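Remarks on the structure that follows.
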Amino acid sequence: MAESRTIELSGVAMAESLLFNVAERIDWNLVAVGIERDVEEEPKQLQKVVSTIRAVLLDAEERQENNPQLRVWLEQLKDAAYDAEDLLDDFNTEILSQGVMKRNKVRSFFTSSNQLIHGVKMGKLRKIRERLYKIAEDRHKYVFRELERSDDSFVDKRNWMQAHPLVSENEIFLREEKKERLIEVLLEPNVEEDVAVIPIVGIGGVGKTTLAQLVFNDARAQTHFELRLWVTVTDDFDIQKISRTMLEFLRKKRLESFESDSYNVQSNLEKEIDGKKYLLVLDDVWNEVPELWRSLRRRLLGGARGSKIVVTTRKELVASIMGTGPVFRLEGLNWEPSFELFKRFSFKYQDFESIQIEPCEEFSPRRVPWRSLPNLKLSYDHLPPHLKPCFAYCSLFPKGSVIDKQTLINLWIAQGFILPSTGDKQLEDVGHEYFMELVERSLFQDVKEHEMGGVQSCKMHDLMHDLACSVAGTEYTMVDRDLRVSVDKRVRHVSFGGTLNSSWKIPEALLEANAIRTFLLPAQSDGELKKSNCKTILSTYKLLRALDLGDSDVKRVPPSIGKLKHLRNMISLLHLIVDGCCRLTRMPKGLGKLARLRTLSLFVVGKKFSGLRELKELNNLRGELKIVILENASSSESKDVKYLKAKEYLQSLKLEWSIERSETDDDLMLKCLEPHSNLKQLCIDGFMGVESLPWLSSLTNIVELQLVSCIRCQSLPSLDQLPLLKILCLERLTALEFIKGEESSNIFPSLKELYLRNCDQLMGWLKNEELTSTAFTEQSIFPPFPHLSKLMIENCPNLKCMPRYPSLDEQLYLCNTPLKPFLKTLEMPMTTAAPSTSFSSPSSSYPLGKLKSLFILRIEESLPEECLQKLTSLQSLRICCIPKLINLPTKGFRNSTYLCTLDIWGCGKLKSLAGVLSNLTALEKLTIENCSKLDLSSDDTTWQGLKSLSSLSITDLPKLSSLPKGIQHLTALKKLAIENCRLLDLSTDDLQWQGLKSLSSLSIAELPKLTSLPKGLQHLPMLSSLTIENCKQLDLSSDDMQWQGLESLYFVSLLRLHHEVSLTRVLQHLASLEELNIIECRVQDPSDAGILSKVSLRMLRLYGIPGLESLPDWLQQITTLQKLEISYCSDFKTLPEWMKHLNPVIKRCPQFSG
């Protein structure tokens, strides 16, 4: 019943959206052909019928809930509208395929003299019109009213939900921090504005109104403000109504009729607030008209300085129009607080903790009745018709997934959701406006920007995804590989969750749904998509508009794809995306004729076909283009032709040669590949020319530049003057010795990230050594790299001179390269370290004083004592593979008060950490690995200062014979891992464990002297996870005592233990154990199977168990078991009947018959 209810309510919305698109498409076609006398009347008649039906849809929406016949009428209407849209696509396809896009030819194309259209197409159009006419006539059965949708139509629906300023303390949940911050803003004493406006923004139901209620009723607000007013505005931003509500709120009574005229309300309101400090809450504002807000605001300016207005809204645009103070954005709750909220409001049990709550894997949001989402549905109701299908389409993406903006817009275009603009805007530009409007309405969240600027991706809140699934109804569905979710035969859009493998076949139930328009496959996990599947898709779904084969490793697309005339990615091809097709050897013939092509993610240069000439006329390409196997280009194509110069919309370009050649004409070829100056991202990989890439310096809009494997390149053009360059990567330029030939006064004004990798011969920045040694030091007015955040120098063993980088603030990575440039930077005077800012901390005046992360690896020198002293903002430090390092620079660590992460490994001569750790009060994670002479056994005071340490990993310390004595001081430690310490025997240690009261996870591996579990584990009340691996002498069956006191363990993993594992001893003392992994161990059956009825085990994994042919009978005693996995058990053959109800996962068991 709930599922059908969802479909009912989505019916009107989808029908309205379809008819809107059909009407707009007819308008567009009629404009395209010109409304002359010789144009057929059928399109006009169809348009008239569509307009008639649209006029009654709003009334149908209000009345269809309890009328089954009306719901049938709506389903018929949707089907007819879909067919009308398909037929209009036929018109467009025929026009494009005949190449008659000029106005005079298009007009003749639609006249009766054109037998193709007149005899066939107009006949089909007439049948569609007659179907819709009959549906339109049937409307008289329901006596529909012709209503016009407007913003006001939502007001009545929302009145029942209008908030009141009173809120119960029981309704307050997890907003204390936001509340305190908002109170702080409201009570701010030093204010310049008479009235400040603070917006609260978020999706419906996230708690905006509740937060406003909290501060409105707070005692501090009641004392601070003389007047407090609350108005629930909703969609109807009626200034007179809002003013009257405020006045009635203040007077605590309704106004008489003679008091309610506009003049009296305004003058009386101004008198009431004149000179008084007030707090006004305008709840649930939707108005986007600035003039209306300014008109209301003028009435409110008479209050005393310090008055505040709090506005709650779902729209970012409203916040930007009204807000003058900080914007409070509310996000949803994660699992734990959501569960607490669920417990608080859903049950009244005294003993709630006894109730088991499990994830509902079969739960479908399409079954959620609208009564549970009334507040959220308003966000959808309020969308204009053209945005509703765009929002519903998002239900095809998995919940929580990252949605690429351009991919989404391309799919919208393919479905015809993006209508042509009357101006010069491209469809992608209109799609961007659609996307941003959904963002502003809080229907999308977690918006990420591209490094080149602009929005790259977003996510949907889970509730919004549920809403999208609900409004999509049965026309959209996401299915798993086994089709465990039922599919309606009239489904139009299908995507697949999870992962498919090469053995997958299209389910029979899905083959019956032959009206599918969207077919989106996920990544293939195990080889190529079957050729039969590919053919089946193309032969069954004739109405496809969007087809995504995923990373299916398809070698060849069947020629029958050309028959899919509705596929907007074919005849009127706009987007051809072939990412992940690594076996592709050439492009299709005739690709260069697709002049409308906007997206071409990959172009493979063929030896005989699909040469560069195919690209010459594709000047509408935008976004990203990757051209590979350029060595296949013929010499005739390298003549004076510019294949890319006219592609002004292209933003990202990669040019790739795949193999080394002894003789090349790469220099000539590169000249032909000069892009338009609008390009923002460029990668050149495998270029074997020797010229200095002449046109690079002309790319004045370039943001990211990568030069990779240009092994013959000996010089570079002047790159440091590129005004917008933010990311520069030079990798495997093995012949390059100097980056530039002369000094300049301004090096890379915008550069944020610089990567120098595997440049074996690189010696310096400037060719003139004398300049190199003196440039950019104390004589410079401004430092080089003024905005540099990340610098990576890896495997550049000869790089001894380069400009200083004192302003570096995020990350410095030095690997197999001299330390000299780093040390020279540290020697710079404080006054030249960085351009001063008003917000700089004292530390930022030091060179590298703002640096947060430092990695030093494979350095031949030792670390000087002073190298860390000035790095006072350092948060992460990794020191690795420095063979000459005997002692760490202790002076530097005295100032490392912000250091959170410290990794030390591969330092074979390091003997002690004395004087290093004691000052690291903020350290949270410490890793010590492969230091052969380091012995921590006797250290005590070294560890006492580590009050914040939560994670400690000790690996491959051959001199370590016992745990450090000072480890008992690590009261905050939660995670401890000890591995490959051959002298360490934890069996007798006891006292060192007693202070580890917070330890929850322990991992022990490769400890050959360990014979039993450490006795000190009984002192760990919080220990919940234990992993033991490959300890040869460890016998877990020898003594029951070693398991006692571990009642809090709920996860145990045993790997490659030489002695048999007795499940009796493991399970009988671990009352809380829920998950057990046994990997490559011999298992001893329980001596007393009766104890198994008392355990709480829910998950059991058996990997690589020798001799395991079937599951033992004693497993039946574990009644709590819910999941079972068996993998890599070569002897496993059968599964008992009593275990099949668990649907166990069985993988890589060659003898298992199923």
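With r as the distance between the Cβ atoms of residue 1053 and residue 718 and R0 = 45 Å, compute the FRET efficiency 1/(1 + (r/R0)^6) and round to 0.05. Efficiency computed from Cβ-Cβ geometry: 0.20. Straight Cα distances below 27 angstrom link residue 241 to the lysines 157, 208, 252, 253, 271, 276, 277, 308, 315, 377, with same-chain residues fewer than 8 positions distant left out.
Each label point was placed 7 Å from the Cα along the Cα-to-Cβ direction; for residue 426 and residue 755 their separation is 2.7 nm. Spin-label pair residue 1110-residue 887: with each label point 7 Å from Cα along the Cα-Cβ axis, the two points sit 6.9 nm from one another. For segment 910-916, backbone phi angles converted through the Karplus equation (6.51, -1.76, 1.60; θ = phi - 60°) give residue-by-residue couplings of 5, 10, 8, 10, 4, x, 9 Hz, Gly and Pro being listed as x. Modelled spin-label separation between residue 267 and residue 865, with each label point placed 7 Å from Cα along the Cα-to-Cβ direction: 8.5 nm.
For residue 658, the residues whose modelled amide H falls within less than 5 Å of its own, excluding neighbours fewer than 5 places apart on the same chain, are 629, 630, 631. In order along segment 663-675, the phi-based Karplus estimate (6.51 cos²θ - 1.76 cosθ + 1.60, θ = phi - 60°) of 3J(HN,Hα) comes to 10, 9, 10, 4, 4, 5, 5, 5, 4, 6, 9, 5, x Hz; Gly and Pro are listed as x. Amide H to amide H distances under 5 Å link residue 1057 with 1030, where only residues 5 or more positions off or on other chains count and H is placed in the peptide plane. Amide hydrogen proximity for residue 193: with H placed 1.01 Å from N in the peptide plane, no residue at 5 or more positions away or on another chain lies under 5 Å.
Ranked by how many other Cβ atoms sit within 10 Å of their own Cβ, fewest first, the residues 1129, 683 fall in the order 683, 1129. Listed by Cβ neighbour count within 10 Å, with the fewest neighbours leading, 234, 540 appear as 540, 234.
The string of couplings for segment 711-720 from the Karplus curve (6.51, -1.76, 1.60, θ = phi - 60°) is 6, 9, 5, 9, 8, 10, x, 5, 9, 6 Hz, one whole number per residue in order, with x for Gly and Pro. Ordering 688, 436, 460 by the number of other Cβ atoms within 10 Å of each residue's own Cβ, fewest first, gives 436, 688, 460. The distance linking segment 928-988 with segment 855-923 is 17 Å (Cα centroid to Cα centroid, whole angstrom). Here the dipole of segment 1049-1154 is about 260 debye; that uses its Cα centre as origin and unit charges on the Cβ of Lys and Arg (positive) and Asp and Glu (negative).
None of the figures in this text is laboratory data; all of them are computed from the coordinates on show. Values in this document were obtained by computation on a predicted structure and should not be read as measured data. Cβ sites come from the backbone with ideal geometry, for glycine too, and all protein chains shown count toward neighbours.
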